[in-house]
Amino acid sequence: MSPLFNILLSLWAQAPETPSPIDVAQTWQQKLSSLSSLSFDQFLEQAIGAILRGAVKIAIALAIFFIGKWIINRIHHIVAKAFVRRDVELSLRTFLLSLIRIILMLILIVIVIGILGINTSSFLALFASAGLAVGMALSGTLQNFAGGVMILLFKPYKVGDFIEAQGYSGTVKEIQIFNTILNTSDNKTIIIPNGGLSTGSLNNYSKEGRRRVEWKIGIAYGDDFDTARQVILQLLSTDQRIFDDPAPFVALSNLGDSAVEVTVRVWTASENFWGVYFDFNEKVYKQFDKYGLHFPYPQVDVHMIKED
């Protein structure tokens, strides 16, 4: 037998013992024999009393059921308004409201069954066994569910953010209970389980309002660096999307084998990152040669030695 079956069997064995059919038959036989010794008036009196007691129990159970249902609806309404005031994520709000209603309805049903005189211990043991079985069978799904709840509560990212996680990058289109849906730059839909997103590393490019753009520009040996610096700053000043504070940074960063490397850094709004990056590349390519600045090609100096 599987370990899961053994666990369910042990839980069922620990539940309160239910009378066997033979015990029930014997009990009914004893009741019938006691009734046979009664006169008609006594039988009628006991029958009417039993009916009245049953009717009272049913009436009380129905009253408690409808009152409890009204209370559950009020709790649902109050919690829903609280979620709206606190601006809880819509997906999480819907799920939590449904979960609260289901749990409260199960509690109400158990109470009503107990009022009717039915032993509820067997029902509780059955619910516990079924819950454990479902939990073990859906362990991975429950991990994704827990991850979805954590994401909706702590909000490491939201719909519309551009993120990179689990080897994928894209714009968040939807945050579900079990999965997060991304839309990549080339219009692919990526579905990532929330379990890994809630426990792994994640890069949210949209979390901050500004980003730094960086270029590595090579100029030829012999070109004037001061001229290159002035041209770069002039080209940057024509782009209104680039922030003045912090000021643009231009420095000679490396003397390479074939080029003098110039590092350029500026700050811009996160949504303008790629526009600034591509536009400046185009400006540099079109303008540098007007100021006597050249883009070097890889080159190698060969020295030939003539032997006597």
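The values are calculated or read from the model by the stated rules, or taken from the named source; none is laboratory data. The structure displayed is predicted, hence computed values, not measured ones. Ideal geometry is used to build each Cβ from the backbone, glycine not excepted, and the neighbour counts take in all protein chains shown. Calculation scope for accessible area: heavy atoms of the full protein, side chains included, ligands and nucleic acids excluded. Shrake-Rupley method; radii C 1.70, N 1.55, O 1.52, S 1.80 Å.
Just to be sure I understand, how many residues within segment 246-264 are touching a residue at least 12 places away in the same chain (Cβ under 8 Å), outside any strand (DSSP E or B) and either over 21 Å from residue 297 (Cβ atoms) or touching a Leu at 6+ places or on another chain (Cβ under 7 Å) (or both)?
Within segment 246-264, residues that are touching a residue at least 12 places away in the same chain (Cβ under 8 Å), outside any strand (DSSP E or B) and either over 21 Å from residue 297 (Cβ atoms) or touching a Leu at 6+ places or on another chain (Cβ under 7 Å) (or both) number 2.
Can you confirm whether residue 60 is modelled with pLDDT of 70 or more, open to solvent by 90 Å² or more (accessible area, probe 1.4 Å) and within 53 Å of the chain's Cα centre (by Cα)?
No; evaluated as a whole, the condition is false for this residue.
What number goes with the only condition from (1) over 25 Å from the mean Cα position of the chain (by Cα); (2) in contact (Cβ under 8 Å) with a residue 24 or more places away in the chain that residue 198 does not pass?
Residue 198 satisfies all of (1) over 25 Å from the mean Cα position of the chain (by Cα); (2) in contact (Cβ under 8 Å) with a residue 24 or more places away in the chain except (1).
Between a residue in segment 146-162 that is closer than 15 Å to residue 182 by Cα and any residue that is in a helix (DSSP H, G or I) and hydroxyl-bearing (Ser, Thr, Tyr), which pairs come within a Cβ distance under 7 Å, given they are 6 or more apart or on different chains?
151/198
Looking at 255, 293 in this structure, which one is over 20 Å from residue 210 (Cβ atoms), of a type in the set (A, V, I, L, M, F, W, C) and open to solvent by 60 Å² or more (accessible area, probe 1.4 Å)?
Values: 293 fails: open to solvent by 60 Å² or more (accessible area, probe 1.4 Å).
Checking each option against the conditions leaves just 255.
Can you pull out the residues in segment 274-289 that are open to solvent by 20 Å² or more (accessible area, probe 1.4 Å) and not acidic (Asp, Glu)?
To start, the set of residues in segment 274-289 that are open to solvent by 20 Å² or more (accessible area, probe 1.4 Å) comprises 274-275, 277-279, 281-283, 285-287, 289.
Once the filter is applied, which keeps residues that are open to solvent by 20 Å² or more (accessible area, probe 1.4 Å) and not acidic (Asp, Glu), segment 274-289 yields 274, 275, 277, 278, 281, 283, 285, 286, 287.
Please verify whether segment 272-282 includes one or more residues that are in contact with a Lys or Arg (Cβ under 6 Å, 6 or more places away or on another chain) and more than 23 Å from residue 230 (Cβ to Cβ).
Kept after step one, since they are in contact with a Lys or Arg (Cβ under 6 Å, 6 or more places away or on another chain), are these residues of segment 272-282: 272-273, 276.
Subsequent filtering for residues that are more than 23 Å from residue 230 (Cβ to Cβ) retains 272-273.
The answer is yes; a qualifying residue exists.
Go through segment 292-308 and give me each residue that's closer than 29 Å to residue 219 by Cβ and out of contact with any helix residue (DSSP H, G or I) (no Cβ under 9 Å at 6 or more places or on another chain).
Passing the criteria: 296, 297, 298, 299, 300, 301, 302, 303, 304.
How many residues are in contact with a Lys or Arg (Cβ under 9 Å, 6 or more places away or on another chain) and in a loop (DSSP other than H, G, I, E, B) when one looks only at segment 142-200?
Within segment 142-200, residues that are in contact with a Lys or Arg (Cβ under 9 Å, 6 or more places away or on another chain) and in a loop (DSSP other than H, G, I, E, B) number 5.
Is there a residue in segment 196-205 that is under 30 Å from residue 144 (Cα atoms), open to solvent by 50 Å² or more (accessible area, probe 1.4 Å), modelled with pLDDT under 95 and touching a Phe, Trp or Tyr at 6+ places or on another chain (Cβ under 6 Å)?
Within segment 196-205 (the criterion being under 30 Å from residue 144 (Cα atoms), open to solvent by 50 Å² or more (accessible area, probe 1.4 Å), modelled with pLDDT under 95 and touching a Phe, Trp or Tyr at 6+ places or on another chain (Cβ under 6 Å)), the answer is yes, since at least one residue qualifies.
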